[in-house]
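S.K.: Pasting in a structure now, in structure tokens, and then I'll have a few things to ask.
Every number in this text was worked out from the coordinates using simple rules, so none of it is lab data. Just so it is clear, the model here is predicted, and its values are computed rather than measured. All Cβ positions, even for glycine, are placed from backbone atoms using ideal geometry, and neighbour counts span all protein chains on display.
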Amino acid sequence: MSEIFGFTAACLVGLGLYGLIVHSSALRKILSFNVLGSGIFLLLGVIARRGAAAGLVADPVPQALVITGIVVAFSATALGVALIRRLDEDDEEEGEP
Amino acid sequence: MTMKPFSMIALGWPMFLLCGLLIRPLRKWLPRLLWLAPLPAFILVFFEDVGAPVTLLLGAAAALWSIGGWAVPSYFPGGRPGVGFIACWLLTLTGSLGVFLVEDRVGFLVFYALVSLPAYGLVVSEGTPPARRAGRIYLGFAILGENLLLAAFVILSRGVMPLPPIATALLIAGFGAKIALLPLHFWMPLSYTAAPIPAAAVLSGAAVKAGIIGLLRFLPMETTPVMWGGLLVTVGFCGAFYGVAVGLTQCHPKTILAYSSVSQMGFLAVIIGMGVATHDGSVATLAAFYGAHHVLAKGVLFLAVGACAARPSLTVAPAALIGLGLAGLPLTGGALAKLAVKAPFGYGPAATLASLSAAGTALLMTHFLFRLADARKNPAVSSGGGLAPWLLGAVACIAFPWVALSMTGLSWSDVVAPVALWKTLWPVLLGGTAGVFLRRIRIPKIPAGDILALATPAVRTAQGAARALGHLDTTLRHWPVACGALLVIVLALLFAAWL
Amino acid sequence: MSSAALLILVLTLPVAGILLVVVGGGRQARGISLAVLVGNFAVAVGIGGAVCRTGRAVTYSSGGWTAPLGIQLRADGLSVVMLITAAVVALAVGVYAPNEFAVRRGGVETRRSLAFWSLLLAVSCAMNAIFLGNDFFNLYVALELLTFAAVPLVCLTGTRATLEAALRYLLFALTGSALYLLGVALLYGNYGTLDITKLSGLVRYEPGMPLWVAVALMTSGLAAKTALFPLHLWLPPAHGGAPPSASALLSALVVKGSFFLTVRLWFDTVPGQAGMRTGQLLGAMGAGAIVVGGVLALKQERLKLLIAYSTVAQIGYLFLMFPLAGHVGALSGGMLQAAAHAFAKASMFLGAGLMAEVAGSDRLDGLRGMGRALPLTTCAFVLAALSLVGVPPTGGFMAKWQLLSAAFSAGQWWWVVVILCGGLLAGGYMFRAVRPTLVEGIQPAAAIPRLREWVVLALAVCALLLGGFSKKVLELLDIGRPQITEMRP
């Protein structure tokens, strides 16, 4: 099971990186960053599972990392979106589409 | 930084005067007090044992800084140079005296930077485009020298024995940039022509000797491999003759003096090289004696250029005595200096070349004297200021070698012996006669800074490279390129670590 | 108070300050922030005193939980030097900034003022957390906190150009931190701990592919955040466009945060194991930064862009310590450079701000006559430039001395060439920045409070003194270092 999750995580990371490189629109870049982030969180989930395989019920530390990481990624997204909105407002004031 | 307590006072005093610039009422008086700044260092020479070479060079340098400082007000409207000029003067002075007094390596680099970098302010103080160009080139060389020496000193302080050849090469290149060894010489004519006369005087006389003391101190004659001595002798002789040759094509008396400095410093490098080649440590004192005479002679000759418009009669004749003295006119200080360094040359081809270079100096000095005599009518060259400092300097320059003669191991009887007189006289006669004949020939003009004119292709290449780097930067700053580079770096790091 | 409690205090004090600023509003922001920054400086000095006195690193396990479960704070010599540097720079920016971000008496309170002061404290807090952190995930959080504080600083003025620069900075920094986090996840997966001390013990016995993947990911991510060439795309517009007090913070401190983490990773976690090539690769990027940054700085026409490109070049020196790792002088040279650059660059950006205020723009050819209009600032400018060029006896010189000494003892002469070329380029671009200020010219009369000029000068003097007291700093840097730094495969 963890192999599938691990593979998915790797795919998500790859997709995210690809998106970050090729998209020129900032909003898409932020979405790509979130995909990339999800991949990493999934990876941490897999790691928590592997800790469980070593005898623990489930390793709690990676889970704590995921939760913290989600908060950080959320804040980053919020900050990025705020900046994009300011730029859009600017565009509208200048009368551009 | 380590130094003796009295040295600290000697170097603290000009810094103290510098602080006077911060107090507005004092600012007005400071230009008139500049001659006081090097006095503690001058007094120190007489009762502190700092070794013969340092005593000679420091004494002469402090005397020249004092005379030059006295001359400063007469060269500026209202007797008041700008605050920047005063600050640069005092900083350069502190560095110039400090390199002789400081005992540790890092301290030496500090004072060496102090004698090199602020002098930029002295070179550009007239603010004309040629002065600014000269200043840029001067500063470039100062920073280059500083960097080379930094690398050399780092190796020195690792204490590896024997010293790796690269360290010696860096030392010679670093100090060579300061004393204008060929081919690092072209900043010198530009800067000394651009600088106001008192500044040119102290820079050419006192400040360059930082390079000489550096060579004497960090290339000990007893231990440095003979090969480097040979190199110094070769490069030095090239400089000695090259300076004369290009100097003859110049018109401005200051430029001629600057080329004479290139030539004289070359000769001094030859003396040091002879000491290294023979592993004879006593040559250091002789080199210092020669250098000390050059401090005063070159310094006051610059003052002669300024003073000549005021009283030509009181200028040209003493200048002739000092100028031809540099070539070794018998019974002048210069002759003593030449006799003192006779010994290391022996009787071989080096001795002949030395005599020929003296003839060259006489030739160049004759050319200078004619130009000096012409300059009295040209207010753009000679403003007619600083007559009294010039006269005092001339007296000091003629008297000093006689006072210090005992330090070289020569006696009076050696000096006045007919053989000795003839030995120094014939190059002067030869050169002087040639100089008089040369006046009738038109010599093609070479722009000051000679080989700098050849640097244009190099400059163009550098500009091309800079433009290419600019394009590279623009490309790398595209988002997909930078992101791609990031991934490439990940893989490269992984690859490098894994292998 | 026990010295371990000081570690907590230095983190909580700025946070408390931010909360108070939010409660007190823009009018009280300045007073509260300055008080907090003074306190922050005092605590940093207190930690330094404690480390010096005991000669050992000070540690604190939060909540009494030890690693791997708990999070440990640890202050060794490196942390202390950077803590004090950051505290001094932040305090100086705080003292300098009021005119720019003050709320006038009776005037309308602006969002800008509130934002600036809370961001200043946030940067301060995040820097402290980075310097004290001993756990890679904890450090990730601190790093993100730093980025989130730094990005809005770029666009405080709200112009379109700065907004774009901020967005670009944010996106690239996020990419970098994603890579870093991926590396952290791999480290945890492989070793089951993220505590630096524990990890350094584990990786010695079982290095392997996962470790190097993690290290490569983390290093590149951090390099992206440090704007190491060729990843510097975001730095010139961000640092060149931000208001001067923000630029000073960004250039002097923020880039040092991710750099410091790289040092922790390479010198504390995997010391002497990465082999020759990785170090050479990092060094080569540093060399590229020195050359390209230097040449680009030479080409700039605007003072702030020139200083920003000089930051690109100076960051290059920091990365020369990696190929020389294990030789005496590499670590100390890099850290001295980080501190000296922080002081000198902060002084330059703040000084450039004052000059732009007087001249109305920061074009180089408009700076004539500054020597007369702002003598103290010009003096500071010259001093800071000397330190960046590496003229003795400044801090920049001592840093170069150490790096050169390490390069010679490693027998890697090519870094010597790079350092010397960098010195010449720095001489050139700093000359371009300084020369117009020293030329005679006429500047419009502007009333610049003397205090602000003195702050700029004080920072430059700090860069100078760092050279004078370098022996003490070098001793301090050695405290609490692991003993395995000499190992090389």
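S.K.: Choose one of A:S38, A:A48, A:V13: the residue whose Cα lies farthest towards the positive end of the charge dipole of region A:2-93 (beta-carbon charges +1 Lys, Arg; -1 Asp, Glu; about the Cα centre).
M.R.: A:A48
S.K.: Quick check on the exposure proxy: order B:D49, C:D195 from fewest to most C-beta atoms within 10 angstrom.
M.R.: Arranged by neighbour count, lowest to highest, B:D49, C:D195 become B:D49, C:D195.
S.K.: I've got another one for you. With r as the distance between the Cβ atoms of B:A466 and A:F7 and R0 = 56 Å, compute the FRET efficiency 1/(1 + (r/R0)^6) and round to 0.05. Write out the running numbers ahead of the final one.
M.R.: Values: r = 49 Å, r/R0 = 0.87.
After rounding to 0.05, the efficiency reads 0.70.
S.K.: What is the packing order of peptides C:127-138, C:111-122, taking the mean over residues of other C-beta atoms within 10 Å and listing the highest first?
M.R.: Values: C:127-138: 25.8, C:111-122: 22.5.
Packing order, densest peptide first, comes out as C:127-138, C:111-122.
S.K.: Something else now. Say each of B:S282 and B:A388 gets a label point 7 Å from the Cα, pointing the same way as Cα to Cβ; how far apart are those two points in nm?
M.R.: 4.4 nm
S.K.: Sticking with this one: Ordered by packing density, taken as the mean number of other Cβ atoms within 10 Å over each peptide's residues, highest first, how do C:361-369, C:383-391 rank?
M.R.: So the peptides C:361-369, C:383-391, ranked by packing, come out C:383-391, C:361-369.
S.K.: Averaged over its residues, how many other protein chain Cβ atoms are within 10 Å of peptide A:61-72's Cβ atoms?
M.R.: Neighbouring Cβ atoms belonging to other protein chains average 4 per residue here.
S.K.: What's the exposure ranking of C:V43, C:V95, B:V208, going from fewest to most Cβ atoms within 10 Å?
M.R.: In order of increasing Cβ crowding within 10 Å: C:V95, C:V43, B:V208.
S.K.: In angstroms, what radius of gyration and Dmax does region B:128-200 have, counting Cα atoms only?
M.R.: In order Rg, Dmax, the Cα atoms of region B:128-200 give 14.9, 49 Å.
S.K.: Normalising by the residue count of chain C, find the relative contact order in percent from Cα pairs under 8 Å and 6+ residues apart.
M.R.: Dividing the mean separation by the residue count of chain C yields 16 percent.
S.K.: A follow-up question, please. Among C:L374, C:G221, C:L170, whose Cα lies farthest out toward the positive end of the dipole of chain C, if unit charges sit on the beta carbon of Lys, Arg (+1) and Asp, Glu (-1)?
M.R.: Most positive-ward Cα: C:L374.
S.K.: Which of rounded, prolate, oblate describes region B:5-448, given a ≥ b ≥ c as roots of the alpha-carbon gyration tensor eigenvalues and a/c under 1.5 marking rounded, otherwise prolate only if a/b is larger than b/c?
M.R.: Working: a/c = 1.39, a/b = 1.04, b/c = 1.34.
Verdict is rounded for region B:5-448.
S.K.: Can you pick out the pairs among B:K4/C:K472; B:K4/B:K209; B:K178/B:K254; B:K178/B:K445; B:K209/C:K345 whose Cα atoms lie more than 29 Å from each other?
M.R.: Violating the 29 Å limit, Cα to Cα: B:K209/C:K345.
S.K.: Oh, and also: Along Cα→Cβ, 7 Å out, is where each label goes; now give me the distance between the ones at B:F46 and B:A245 in nm to one decimal.
M.R.: 4.7 nm
S.K.: So, one more: What number, rounded to the nearest 500 deg cm²/dmol, is the helix-based mean residue ellipticity at 222 nm of the protein assembly as shown, given -39500 (n - 2.57) per DSSP H run of at least four residues and division by all its residues? It would help to have the intermediate numbers written out before the result.
M.R.: Values: 49 runs with 805 residues, N = 1085.
My calculation for the protein assembly as shown gives -24500 deg cm²/dmol from helical runs alone.
S.K.: What's the average, rounded to a whole number, of partner chain beta-carbon atoms within 10 Å of each residue's beta-carbon in C:148-158?
M.R.: Mean shielding count: 2.
S.K.: Moving on. How about region B:1-108: which trypsin sites (Lys or Arg not before Pro) there are in a DSSP loop, with at most 13 other Cβ atoms within 10 Å of their Cβ?
M.R.: When the trypsin sites (Lys or Arg not before Pro) of region B:1-108 are filtered for loop state and at most 13 Cβ neighbours within 10 Å, B:K28 remain.
S.K.: What is the fewest-to-most order of C:K304, B:K445 by other Cβ atoms lying within 10 Å of their Cβ?
M.R.: Fewest-to-most Cβ neighbours within 10 Å comes out as B:K445, C:K304.
S.K.: Would you work out which of B:V316, B:V283, B:S357 lies farthest towards the positive end of the dipole of region B:263-407? Charges go on Cβ: Lys and Arg +1, Asp and Glu -1.
M.R.: Most positive-ward Cα: B:V316.
S.K.: Now, a different point. In nm, give the distance between the simple-model label positions of C:V15 and B:A317, each being 7 Å from the Cα along the Cα-to-Cβ direction.
M.R.: 9.1 nm
S.K.: For the protein assembly as shown, give the magnitude of the charge dipole about the Cα centre (Cβ charges: +1 Lys/Arg, -1 Asp/Glu; no others), in debye to the nearest 20.
M.R.: Roughly 2220 debye, rounded to the nearest 20.
S.K.: Taking the Cα centre of chain C as origin, sum charge times position over the Cβ atoms of Lys and Arg (+1) and Asp and Glu (-1), and report the length of that vector in debye to the nearest 20.
M.R.: Charge dipole, chain C, about its Cα centre: 640 debye, nearest 20.
S.K.: Over chain B, what is the relative contact order in percent, taking alpha-carbon pairs closer than 8 angstrom and at least six residues apart?
M.R.: Normalised by residue count, the contact order of chain B is 14 percent.
S.K.: Please say if region A:2-93 is rounded, prolate or oblate, where rounded means a/c under 1.5 for a ≥ b ≥ c the square roots of the C-alpha gyration tensor eigenvalues, and otherwise the choice is prolate for a/b larger than b/c and oblate otherwise?
M.R.: It is oblate, given that a/c is not under 1.5 and a/b is not larger than b/c.
S.K.: Under the Karplus relation 6.51 cos²θ - 1.76 cosθ + 1.60, θ = phi - 60°, what is the ordered set of whole-Hz ³J(HN,Hα) values for region B:409-416, x standing for Gly and Pro?
M.R.: Per residue, the Karplus-derived 3J(HN,Hα) values read x, 7, 10, 4, 5, 4, 7, 9 Hz.
S.K.: Quick check for me: using +1 on Lys/Arg Cβ and -1 on Asp/Glu Cβ, what's the dipole size of chain B about its Cα centre, in debye to the nearest 20? Present the calculation step by step, with values, prior to reporting the outcome.
M.R.: Working: 30 positive and 12 negative charges, 303 e Å.
That gives chain B a dipole magnitude of about 1460 debye.
S.K.: Relative contact order for chain A using alpha-carbon pairs under 8 Å, separation at least 6, rounded to a whole percent?
M.R.: In percent, rounded to a whole number, it is 25.
S.K.: Per residue of C:203-216, what is the mean number of Cβ atoms on other protein chains within 10 angstrom of that residue's Cβ?
M.R.: Taking all residues of C:203-216 together, the mean is 2.
S.K.: Now a separate question. Enumerate the calculated ³J(HN,Hα) couplings along region C:231-248 in order (Karplus 6.51 cos²θ - 1.76 cosθ + 1.60, θ = phi - 60°), each rounded to whole Hz, writing x wherever the residue is Gly or Pro.
M.R.: 9, 9, 4, 8, 5, x, x, 5, 6, x, x, 5, x, x, 5, 5, 4, 4
S.K.: Shape call for the protein assembly as shown from the C-alpha gyration tensor, a ≥ b ≥ c root eigenvalues: rounded (a/c under 1.5), prolate (a/b greater than b/c) or oblate?
M.R.: In terms of gyration-tensor shape, prolate.
S.K.: Once amide H atoms are built 1.01 Å from N in the peptide plane, which residues 5 or more positions from C:D135, or in another chain, come under 5 Å H to H?
M.R.: Counting only residues 5 or more places away or on other chains, the set is C:I196.
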